[in-house]
Amino acid sequence: MNQNPRNSFGRRLPDARTPPASSTADTILPAEVTDQQQAKERAEALGFIICRLDELRQMAASHGLELLGYLLDVAFTESCDAIRRERSSAQAEETAQ
């Protein structure tokens, strides 16, 4: 399998073996680059977590592990809420500029 895995939103997850893409530091101030890069990395991490939690909660449900499935579902729901908050704050920052 040469394709990168996808998260539950259909977006490709980054391959840990490939180096991150270079930033455009020429046009953006260094402080902005770090903030933007941190936000991007955080969103990617949340996407990865959501994907894995979804797989784990489905596996727990298929094997009748009700309590574990419930706890994974709570973590999945919180992760989805966190990524929604991240996206809405990013959109609010874009419209404020």
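The values are calculated or read from the model by the stated rules, or taken from the named source; none is laboratory data. Since the model is a prediction, treat every value here as computed from it, not as a measurement. Cβ: placed from backbone, ideal geometry, glycine included. Neighbour counts: every protein chain shown.
Remarks
- Only one entry of GLY69, GLY47 meets the criterion of being surrounded by 13 or more Cβ atoms within 10 Å (Cβ to Cβ), modelled with pLDDT of 90 or more, part of a helix (DSSP H, G or I) and over 17 Å from the mean Cα position of the chain (by Cα), and that entry is GLY69.
- Condition met for ILE28 (among the β-branched types (Val, Ile, Thr), modelled with pLDDT of 95 or more and surrounded by 10 or more Cβ atoms within 10 Å (Cβ to Cβ)): no
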